[in-house]
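Input: a single structure, listed below in structure tokens.
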Amino acid sequence: MPLTPEVLSAQGEVVAWLGSLDVSFAPDEELWFTIDGVEDPRQIGSDRSGGSFVLLPSRHVLYASSEGRAGIIAGTFEAFVQLVVARPYWLDILKFSAGGDLAEMRRAAEALEATLEDEDDVNEAREEIRRGLDLPEADDPVGALYEAVAASDAIVRATDGSPFTTLFNRFSIDNNPVLRNAAA
């Protein structure tokens, strides 16, 4: 049976572990943005920074940040959960993507993994989530994230009608001394 928000919500302990990876499955009551061509977007969760996760009719998962960036981040709900488990700092990978360069994203993922302050907690959460959901490890979570964002054609708009920008940001890990040193 494929992983869906409904299947996940029945797994309270797994939902709690995902919360430790900054994903909440308690959606806000009303979205603060619209998505062109989508009548009733289905918000499935949020993160601590105010961003929202939306399951689109196509079954893709879209992320809209509170800073006006948005895009599809996973091709399915299961791929979304795999991404969060494998790379809980996925949003930082996009921040340090040098405008959407896959090689830079891979460098960022490596550096971010090396700088995890709570590595034992994250690894325990990863293990518990995979076991609780019988979830296979993602083959290439960074590559899948890149492909999803690069192919994203969703147009997300703020309440004033202005479009959100891409999730790819212009920075590379070379702009951050901690990450630059971790990659060395």
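Just so it is clear, none of the values below were taken in a lab; they were calculated from the coordinates. The structure displayed is predicted, hence computed values, not measured ones. Here the Cβ is made from the backbone with ideal geometry for all residues, glycine too, and neighbour counts use every protein chain on show.
Here are some notes:
- Taking a ≥ b ≥ c as the square roots of the eigenvalues of the Cα gyration tensor, the chain is oblate, since a/c reaches 1.5 or more and a/b is not larger than b/c.
- Centre separation in Å (Cα based) which lies between the stretch 48-118 and the stretch 1-18: 19
- Across the chain, C-alpha contacts under 8 Å between residues 6 or more apart give a mean separation that, scaled by the residue count, equals a relative contact order of 26 percent.
- 3J(HN,Hα) couplings calculated from phi for the stretch 160-177 with the Karplus curve 6.51 cos²θ - 1.76 cosθ + 1.60 (θ = phi - 60°) are, in sequence order, 7, x, 6, x, 6, 9, 5, 6, 5, 10, 7, 6, 10, 5, 5, 7, 10, x Hz; Gly and Pro show x.
- Amide H partners (placed H, <5 Å) of Ile73, local residues excluded: Val61, Leu62, Tyr63
- About the centre of its Cα atoms, the stretch 1-122 shows a dipole size close to 400 debye [charges on the beta carbon of Lys, Arg (+1) and Asp, Glu (-1) only; nearest 20 debye].
- A dipole drawn for the stretch 15-55 from +1 and -1 charges on Cβ atoms has a positive end, and of Gly37, Ala16, Gly50 the residue lying farthest that way is Ala16.
- For Phe164, the residues whose amide H sits under 5 Å from its own are Val156, Arg157, Ala158, ignoring neighbours fewer than 5 places away on the same chain, with H placed 1.01 Å from N.
- For Ser97, nonlocal amide neighbours, meaning residues 5 or more places apart or on other chains whose placed amide H falls under 5 Å from its own, are Asn169, Phe171.
- Remark: the stretch 18-77 carries a charge dipole of roughly 260 debye about the Cα centre, counting +1 on each Lys and Arg Cβ and -1 on each Asp and Glu Cβ.
- Percent antiparallel among DSSP beta bridges (both partners in the chain, rounded to 5): 95
- Scalar couplings 3J(HN,Hα) for the stretch 29-44, obtained by applying the Karplus form with A = 6.51, B = -1.76, C = 1.60 to θ = phi - 60°, are 6, 9, 6, 9, 8, 10, 10, 3, x, 10, 5, 10, x, 9, 6, 10 Hz; x denotes Gly and Pro.
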